[in-house]
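K.L.:
Right, I'll just put the structure down here and ask away after.
The values are calculated or read from the model by the stated rules, or taken from the named source; none is laboratory data. What you see is a predicted model; the values in this text were computed from it and never measured. Positions of Cβ are generated from backbone atoms using ideal geometry, with glycine treated the same way; all protein chains shown enter the neighbour counts. Remember, those area values only see protein heavy atoms, side chains included, never the ligands or the DNA or RNA. Shrake-Rupley method; radii C 1.70, N 1.55, O 1.52, S 1.80 Å.
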Amino acid sequence: MTERPLVRMTGIGKRFGGVQACRDIDLTIAAGEVHALLGENGAGKSTLINILSGVITDYDGTIEVDGRPVSFGGPVDAQRAGIATIHQELDLVAGLSIAENMFLGREPRTRLGGVDIRRMRRQAAEHLRTLGADLDPRRLVGSLRVGEQQLVEIGRALSLDARVLIMDEPTAALADAEVERLFETIKELRRAGVGIVYISHRMAELEVIADRATVLRNGGLAGTVDPRTASRDEIIQLMVGRSVDALFGEGRNEPGKVLLDVRNLAVTPRRPTPGRTEPAGVDLTVRTGEIVGLAGLMGAGRTELLETLFGAGGSGRRSGQMTIDGRPYGPHGPRAALARGVAFVPEDRRGAGLMLEHSVAENVVLSALATLTTLGVVRRQAVRRTVAEQLTALAVKAASPAVAAATLSGGNQQKVVFAKQLLTQPRLLLLDEPTRGVDIGAKAEIYRLLHRLADAGMAILLASSELPELLSLCDRVVVLHRGRTVATLPRASATQQAILAAANGDDAKETR
Ligand SMILES: Nc1ncnc2c1ncn2[C@@H]1O[C@H](COP(=O)(O)OP(=O)(O)OP(=O)(O)O)[C@@H](O)[C@H]1O
Ligand SMILES: [Mg+2]
């Protein structure tokens, strides 16, 4: 590139104890380009951008902005230099409103010096509308679903009017329609000369949006490619250093008898929570050995349904019928659900799934302590073996099982949540966006694992915003719209169009 880049990072290195997270990395960001950053879970992507965004201040190498060396003392310095970041793990304050979160620390002022609340709300609403999100800026962030929180985080970054915008998996929790809106926004920013760093594990997105892709492997630079001409295989080769076998395609066993039967399930909450879509007429069955997909737009009520099935949906009156194995089922809490062999991997790994300050090992075994305890004594040997087995099975990348879960990369945290639930040996496994933030190699591992579990007789109900994932993984797809089952599509008739049509509420089909 002849033009001087907006940002030039040279020889960047970072070590965490025994882990070399980044090693001698050079990266430039030009004005008006979308520069994708790729790599497996734990490759060092977030670390590199945490350095650029001033979150990590202690590192090797140099950073130049506009040809001038900079040394950020913290995120605010980076923002002042025109670098805005959407972090992988959302860092919003649950107890503050959307508008307060977006303008935290830089609230617009009235002439008298007070916070100009009305202007703040108006601007917040405008930024959200750009993204197609019709959210009341007065709402508390804690009441938002993960996807909505992600939109708030993106809106905040937009409001900074930055020249460099870093996006660490911005679409992980977004549904397809929101992704399209975001891409429109990104294209506008690109035309306006903003330099964009884009991290995503969704390969299809890169082909659409990225001008250039830099691939990291094990903390080092593996190569740079043009994502529009490079084949997926080439890119994956660079990422993992070998080719990944076909993601799917193994023959599946015939499903067995009905394990979970849900008829006309509805929940009337004691106090309605804005933004929640409670079940309002759900019909579905999951048989042993079957993988059933849950599709729907953001706000269709997929997460709320899974929570209800796990007894975690908050208080409210349930109506309709639920049975497991033909016996009535109506858990009053997760404990009751677990006792009936139901396990749940939630979408929000930081909130519900993980205890960040505890070790990886503790997180993994916690749910299975009962089976690893004899007469009240924890069998340490068994615990160590079980943890090691699970971490290997899921290829979790951690320095050791003793490190805090917080130190794992995002995708590896997701795998730990998964491992933890599997240890309860459930008969029915509920999964909410199980491969969110998981790299393509690990995704293949998880798909294979789900197939194995189903073949061994486990019933699996899985919500996903990624239609290709549902289509390739599931025996049937149940589509929700406003909390209701609007279609049940067997594998043969489940196409992208059919699912989308149903999800949008275009004439309901009943093909069960
Ligand atoms: N604060 C920390 N303490 C210790 N180790 C860390 C810390 N942050 C990151 N690491 C380690 O550095 C390596 C790179 O992590 P990083 O988060 O940069 O990966 P990533 O490429 O963003 O992965 P993902 O796709 O899963 O988000 C990992 O091995 C991770 O465990
Ligand atoms: Mg990351």
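K.L.:
Quick one: of Lys187/Lys415; Lys45/Lys415; Lys14/Lys443, which pairs are farther than 21 Å apart, Cα to Cα?
P.N.:
Pairs exceeding 21 Å: Lys187/Lys415; Lys14/Lys443.
K.L.:
Which GluC sites (Glu not before Pro) in the stretch 438-512 pass both tests, a DSSP loop state and at most 16 other beta-carbon atoms within 10 Å?
P.N.:
Numbers: sites: Glu445, Glu466, Glu469, Glu510; in loops: Glu466, Glu510.
Filter output for the stretch 438-512: Glu510.
K.L.:
Separate question: Taking R0 as 45 Å, what FRET efficiency do you get between Arg111 and Ala406 from their Cβ-Cβ distance, rounded to the nearest 0.05?
P.N.:
So, using R0 = 45 Å, E works out to roughly 0.55.
K.L.:
Give me Rg over Rh for the stretch 29-137, both radii from the alpha carbons and Rh done the Kirkwood way, two decimal places.
P.N.:
With Rg and the Kirkwood Rh in hand, the quotient comes to 1.02.
K.L.:
Given a 1.4 Å probe and the protein chains all in place, what does the accessible area of Arg228 round to, in Å² to the nearest 10?
P.N.:
Estimated to the nearest 10 Å², Arg228 gives 140 Å².
K.L.:
Starting from the coordinates of the alpha-carbon atoms of the chain, obtain the Kirkwood hydrodynamic radius over all distinct pairs and give the value in Å to one decimal.
P.N.:
Kirkwood radius, the chain: 24.0 Å.
K.L.:
Right, something else. Sort largest first and round to whole Å: the equivalent ellipsoid semi-axes of the stretch 7-240, each the square root of five times a Cα gyration tensor eigenvalue.
P.N.:
Semi-axes (√(5λ), whole Å): 30, 21, 16.
K.L.:
Net charge around Glu107, counting only other residues with Cβ within less than 12 Å of its Cβ (Lys, Arg = +1; Asp, Glu = -1)?
P.N.:
+3
K.L.:
Which helices, taking whole DSSP H runs in the chain, have alpha carbons extending 24 angstrom or more along the helix axis plus mean Kyte-Doolittle at least 1.6?
P.N.:
Span-like helices, by this rule, are absent here.
K.L.:
How long is the gain from Gln381 to Glu357 if the chain were fully straight, where each residue apart is worth 0.36 nm and the alpha carbon distance is subtracted?
P.N.:
Gain in length upon complete extension: 6.3 nm.
K.L.:
Moving on. Tell me the label-point distance for the pair Glu184, Ser71, using the 7 Å Cα-to-Cβ offset, in nm and rounded to one decimal.
P.N.:
4.5
K.L.:
Just how much of Cys22 is accessible, in Å², when a 1.4 Å probe is used and the result is rounded to the nearest 10?
P.N.:
0
K.L.:
Using every alpha carbon pair in the stretch 118-217, what percent of pairs falls into each 5 Å bin from 0 up to the bin containing the largest distance?
P.N.:
Taking every Cα pair in the stretch 118-217, the percentages come to 2, 12, 24, 25, 19, 11, 5, 2, 0, 0.
K.L.:
If you stretched the chain out fully between Asp26 and His332, how much longer would it get, using 0.36 nm times the residue separation minus the C-alpha to C-alpha distance?
P.N.:
Details: separation 306, 0.36 × 306 = 110.16 nm, distance 5.37 nm.
In short, 104.8 nm is gained.
K.L.:
Amide H of Gly220: which non-local residues (sequence gap of 5 or more, or other chain) have their own amide H closer than 5 Å, using H built in the peptide plane?
P.N.:
For Gly220, the qualifying residues are Arg23.
K.L.:
How would Asp60, Asp475, Asp439 line up by accessible area, probe 1.4 Å, largest first?
P.N.:
So the residues, ranked largest to smallest area, are Asp60, Asp475, Asp439.
K.L.:
So what does log10 I(q)/I(0) come out to for the stretch 260-346 at q = 0.13, 0.14, 0.22, 0.26 Å⁻¹, using the Debye formula with one equal point on every Cα and no solvent?
P.N.:
Listed by q, the Debye log ratios stand at -0.39, -0.45, -1.20, -1.65.
K.L.:
Rounded to the nearest 500 deg cm²/dmol, what is the calculated helix-only ellipticity per residue at 222 nm for the chain, with -39500 (n - 2.57) per DSSP H run of length n ≥ 4?
P.N.:
-9000 deg cm²/dmol
K.L.:
Would you mind calculating the gained length between Ala399 and Asp233 on full extension (0.36 nm times residue separation, minus the Cα-Cα distance), in nm to one decimal? Walk me through the numbers before you get to the answer.
P.N.:
Values: separation 166, 0.36 × 166 = 59.76 nm, distance 2.86 nm.
Between Ala399 and Asp233, full extension yields an extra 56.9 nm.
K.L.:
First select every other residue whose beta carbon is under 15 angstrom from the beta carbon of Gly219; then total the charges, Lys and Arg +1, Asp and Glu -1.
P.N.:
Local charge sum for Gly219: +1.
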